[in-house]
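Structure, as structure tokens:
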Amino acid sequence: MQRLLILIELFLINGSMLLFSQQNTYLVSTNDTVFACNSEHVVLNGFHLFNYDSAVTTAVTGSLIAEDHTSEGFMVTLSSGAIVQFFRIDPGYFGNHIGNNARIVKRTSYNNGLNWSAIEEVFNDTACDDRNVHGGLVGQDSIILFFRRYNAGTSTQIDLNYMYSIDGGQTWSPRTVINSISNGTPGSNHVIKVPGRGWLMSIAGNYYVEIRISQDGLTWNNNVAYIWNYTFSQTHFISEACFTYVGSGKLIGLFRNNFTVAGSTYYQVTSNDNGYSWSEPDSTNIAMPYWCVSPQIFYDAPRKDVWVIATDRRNYSGTFAAENSLVWIYKNSVNEVFNNPMGFTIFKSFQRPFPNWYRFYGYSCYVRKPNGNYLIMFTESFKKLNFYEDADFYQFEINYLPVQHQSINFTWNTGDTLQFLTVDTSGTYVVTSSDGAGHNFTDSVFVSIINNVLPDAPVIVNQGEGITLSPDSGYISSDYSYLWSTGDISSSVYVHPNSTEIFHLTIFNSFFDCTDSVTVTVMPVITGIDQNNIGSMVVYPNPFNNYTEILFPYSGNKSFNLTLFDMLGKILRKEEGIKTGNYILQRGDLAPGIYQICLSDGIELYSAKILVGY
């Protein structure tokens, strides 16, 4: 009812029709279908507002700076929002890269890594070096922790081990030895979840990497899933490994390249089938041409970004200076790098936080924070005065910030390249817009042009007669509502005009409203009061080309009016106040054809047909 009242207000001002040319603009991104009248100018707007997250990195800050040796490890985010870091520490001034005083510890942050708790011991075998700490979450607050025991005194590996906690690291299972043919270290930095298979970790040695998959994430023997073994051919000097699942059954892995010469960048391997089969290692362009240790790769599923963190030890190859070593950050889509190991794109790089002549330790790890951003931790190193290695933690963040960009370029399937497109035919219109920053959006809209609601045929009635007006049969339905300029709301209306008049009809439903008009022409009926005078008017010449003279009986002080009609009853000319019995009618702009003239003073009426020649 409210819609009907609005339409009535549009139609009626002081009892007359409001006539205006309609032009409606439709935003393609918010409309699937547009209904419009054939008298309406339909303008499509291809504008799109791009909303996406833009990644930025924060400044590097010291995270754990002391005379201890702190290195490697992994981080997890618990269900409480707390972030826990597990790592190796060889405490004190005599802490070193290798030492039987080293143990596994943890610390906790309750504010997304801004501050950290005091260090708590997790495992300490006082007879050996507990090192190469890796692991991750394998369920809500269930943590798996891998490490190896190494005898620093005899420079021999004792064994590989794992422990697990099901209460967020408060208590731990007994240590379990992992049986492997590799005399290597646990890799992957983070265990990852492979849909349909379980949890994946790796064990790496020289020329050797094996993948293990555990269905429950808590048992890791007798579950080797794949092996790369080049110990005999030595064609690929693979070592420490890191993997990530990137969706649709695809995994990407990066291997350390232990040849250490210039150009010995990471290797890449890929799988298309959830890790059942894999490619051979292929060199990447990551940190080219510098040699790097332990790779770090992870996938941000919400934004579909592949991230790689690398730290170079350039002084190991050629004459490069260690103080110039960098942290390298790469960001790509899956398609950009999955089958293209040389296609990694640098996002940002920055110099090591404490430049010095000694090697850059590196060994980054990451964790996804509760807000969806990432905390990155890595190790810096230098030589103490006692020539033992000092190693400290530094951290930075990768944050996603919401960004809005407006589209500035447009391409329509019509070939047009402006933001607005005016259409007058039914069809599907497709527009691709872009923001100039590499983001594109394609959308379409179907435009349905409503043809004439009222019939096109002329409507003519004799003076004094009425007629019923109705829309075209295709628009007579309970699906539509109606509003005539007479105020009637039925599909048909009976009108009885005194003179030629235009009638308007608006039909509408929940999708559109459309207005059409029809002209009802009223033809004068030649039944004048003085019938005997009808035949006494003379028109000569008739037919005529330029002008004709009209003669009719005239007497006294009478004043006649002349009206010229076409054969549809449309009034073409009027001449008032004729006070003579003869009148010259000029052809003027009359087209060839038949016309009717009437002369009347209100009592007497004279009428005749005239023919205008070519």
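The values are calculated or read from the model by the stated rules, or taken from the named source; none is laboratory data. These numbers come from a predicted model, not from an experiment. Cβ coordinates were reconstructed from backbone atoms using ideal geometry, including for glycine residues, and neighbour counts include every protein chain displayed.
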- prompt: Is it the case that Asn409 is touching a strand residue (DSSP E or B) at 6+ places or on another chain (Cβ under 7 Å), within 19 Å of Ile297 (Cα to Cα), surrounded by fewer than 20 Cβ atoms within 10 Å (Cβ to Cβ) and not small (Gly, Ala, Ser)?
  reply: no
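Please work out if Ala118 is of a type in the set (A, V, I, L, M, F, W, C), farther than 16 Å from Thr185 by Cβ and modelled with pLDDT under 95.
It is false that Ala118 is of a type in the set (A, V, I, L, M, F, W, C), farther than 16 Å from Thr185 by Cβ and modelled with pLDDT under 95.
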field: Number of positions in region 405-422 that are touching an Asp or Glu at 6+ places or on another chain (Cβ under 9 Å), in a strand (DSSP E or B) and either touching a residue at least 60 places away in the same chain (Cβ under 8 Å) or of a type in the set (Gly, Ala, Ser) (or both)
entry: 3
query: Looking only at residues in region 478-518 that are charged (D, E, K, R) and at pLDDT below 90, which one is nearest to Ile467 (Cα to Cα)?
result: Glu501
query: Within region 215-263, how many residues are within 39 Å of the chain's Cα centre (by Cα), touching a residue at least 40 places away in the same chain (Cβ under 8 Å) and in a strand (DSSP E or B)?
result: 17
Members of region 490-502 that are surrounded by 14 or more Cβ atoms within 10 Å (Cβ to Cβ) and either of a type in the set (Gly, Ala, Ser) or touching a residue at least 60 places away in the same chain (Cβ under 8 Å) (or both): Ser491, Thr500
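Being surrounded by fewer than 16 Cβ atoms within 10 Å (Cβ to Cβ), in contact with a strand residue (DSSP E or B) (Cβ under 7 Å, 6 or more places away or on another chain), aliphatic (A, V, I, L, M) and under 30 Å from Asn386 (Cβ atoms) narrows it down to one of Ile119, Ile89, Ile65, so name that one.
Matching residue, one of Ile119, Ile89, Ile65: Ile65.
Within region 10-24, identify whether any single residue is more than 30 Å from Pro353 (Cβ to Cβ) and either among the β-branched types (Val, Ile, Thr) or at pLDDT 95 or above (or both), and answer yes or no.
Yes; the residues of region 10-24 include at least one that is more than 30 Å from Pro353 (Cβ to Cβ) and either among the β-branched types (Val, Ile, Thr) or at pLDDT 95 or above (or both).
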- prompt: Within region 279-293, is even one residue part of a helix (DSSP H, G or I) and under 29 Å from Asn356 (Cα atoms)?
  reply: no
- prompt: Between residues in region 39-64 that are at positive phi and residues that are part of a strand (DSSP E or B) and among the small types (Gly, Ala, Ser), which pairs lie under 6 Å by C-beta distance while being six or more apart or on different chains?
  reply: none
message: Residues to consider are Val261, Val306, Val269; find the one that is farther than 20 Å from Glu72 by Cβ, touching a helix residue (DSSP H, G or I) at 6+ places or on another chain (Cβ under 9 Å), among the aliphatic types (A, V, I, L, M) and surrounded by 18 or more Cβ atoms within 10 Å (Cβ to Cβ).
response: Val306
